[in-house]
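As structure tokens, the structure follows; a few thoughts come after it.
The values are calculated or read from the model by the stated rules, or taken from the named source; none is laboratory data. In this text, all values refer to a predicted model and were calculated from it rather than measured experimentally. Cβ: placed from backbone, ideal geometry, glycine included. Neighbour counts: every protein chain shown. Note: areas computed on protein heavy atoms with side chains; ligands, DNA, RNA excluded. Shrake-Rupley method; radii C 1.70, N 1.55, O 1.52, S 1.80 Å.
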Amino acid sequence: MSKKDSSCAFRTSIGGQALIEGILMRGPDKQAIVCRKANGELSIQESELKLIKDKHPILGWPFVRGVVTFLDSLVKGMQAVTWSAEQQPEELQEEPGKFDLWLEKKLGTEKAEKIVFGIAIFLGIALAVGLFFFLPTLLTGLMDGFLKSRLLRNLVEGVMRILIFLLYLWAVTRMKDIRRMFSYHGAEHKTIHCYERGLELTVENVRTMPKEHPRCGTSFLFVVMIVSIFVLMFVTWTTPLLRLLIRLCLLPIIVAISYEINRWVGRHDNVLSTILAWPGRQLQHLTTYEPDDGMIECAIEALKRVIPEETGKDEW
């Protein structure tokens, strides 16, 4: 069947990320960022992708590629968010702090920016680990006197981790800026759906598409939560600190397994894939909102710029 047939189950490897008043789209060869400035104009950054797995093929192997892809997406995503923030009016941008100014004076602007960026990534990872791993482990440790079974202890900790994650998502959606970002998230999904169905990329066509997508990064995070419950069942240490250290060591394995599950679900359309995708789709009700026409225009422009010239090269 032709990809242009709207009933064709074409799945693209092109993915995206919502930014501050903009969209990042990433294809097999290029990545494009399109942001809406305060004056209504579009600010665009386009770049060729240099994939580390092309230089080191082993990093593209199953159960290795998941961790590599996750880290690469994290770094490039943070860079894109920083760039999108710089496109906004100066009065909305944060003034550099004393530490930033001191670094810039000692090391120069370029080196200082790299150090600040590295610190931001480290703090972001530390916050995620603290909130979704340390806190559940600490709270479960307070109940050790009641949880005699290792299986029950790990199950309670896993459920607590999911509840904290859901509460966190619900809390951030109360923020106006985050809700706008989640609307851009919806625009990203709708535009990719439109492209996968072979329809012309217009605001009118994109508008009719669903805002949930099976290959969403939010779904991946939820799969990580579920997989962690099963993997961590084998952790036998009872001391909360030791349990936390073991969990951190097992995190790359959890990410690797979760990536392969998400990849398989995205490639198939059957009863099992539908069941596995269902929780992530439900979670997207918290992380995707209906976009306005301007947001859809950003998503369309970004997607058009990363579609490969060779037809089918981006097939999932």
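What is the Rg over Rh value, at two decimals, for the range 198-300, using alpha-carbon atoms and the Kirkwood definition of Rh? We get a ratio of 1.12 for the range 198-300.
Each stretch of four or more DSSP H residues adds -39500 (n - 2.57); spread over every residue of the chain, this sum gives -19500 deg cm²/dmol at 222 nm. Put simply, the amide H of MET143, placed in the peptide plane, has no neighbours under 5 Å, leaving out anything fewer than 5 places away on its chain. Within the shell of other residues whose beta carbon sits under 15 angstrom from the beta carbon of TRP264, the net charge comes to +3, with Lys and Arg scored +1 and Asp and Glu -1. Checking every one of the GluC sites (Glu not before Pro) in the range 225-316 against DSSP loop status and a limit of 14 other Cβ atoms within 10 Å picks out GLU309, GLU310.
Restricting the calculation to Cα atoms, every distinct pair contributes to the Kirkwood radius of the range 256-316, found to be 14.4 Å. Heavy-atom surface analysis with a 1.4 Å probe gives the range 115-245 a carbon and sulfur content of 76 percent of its accessible area. Exceedance of the 21 Å cut-off in Cα-Cα distance is limited, within the set LYS114/LYS176; LYS53/LYS304; LYS55/LYS111; LYS190/LYS304, to LYS114/LYS176; LYS53/LYS304; LYS55/LYS111. Comparing GLY118, GLY294, GLY141, which has the greatest mean-square fluctuation in the GNM of the chain with Cα pairs linked when under 10 Å apart? Residue with maximal mean-square fluctuation among GLY118, GLY294, GLY141: GLY118. Counting only protein chain heavy atoms and rolling a 1.4 Å probe, the accessible areas of LYS53, LYS211, LYS114, LYS148 rank, largest first, as LYS148, LYS114, LYS53, LYS211.
What is the local net charge at TYR168, summed over the other residues whose Cβ is closer than 12 Å to its Cβ (Lys, Arg +1; Asp, Glu -1)? Once all neighbours under 12 Å are counted, the net charge is +2. The Cα atoms of the chain give a gyration tensor whose axes a ≥ b ≥ c have a/c of 1.5 or more with a/b no greater than b/c, which makes the shape oblate.
Based on C-alpha pairs under 8 angstrom that are at least 6 apart in sequence, the chain has a relative contact order of 31 percent.
For LEU19, nonlocal amide neighbours, meaning residues 5 or more places apart or on other chains whose placed amide H falls under 5 Å from its own, are LEU24.
Computed with every protein chain present, the accessible area of VAL231 is close to 30 Å² [probe 1.4 Å].
Other residues with beta-carbon under 13 Å from the beta-carbon of VAL235 carry, at +1 per Lys or Arg and -1 per Asp or Glu, a net charge of +3. Taking chymotrypsin sites (Phe, Trp or Tyr not before Pro) across the range 137-232, the ones in a DSSP loop with at most 12 further Cβ atoms lying within 10 angstrom of their Cβ are PHE146. With all protein chains kept in place, the per residue accessible area of the range 118-227 amounts to 48 square angstrom at a probe of 1.4 angstrom. Between the range 228-271 and the range 30-64, how far is it from one alpha carbon centroid to the other, in angstrom? The range 228-271 and the range 30-64 have Cα centres spaced 27 Å from each other.
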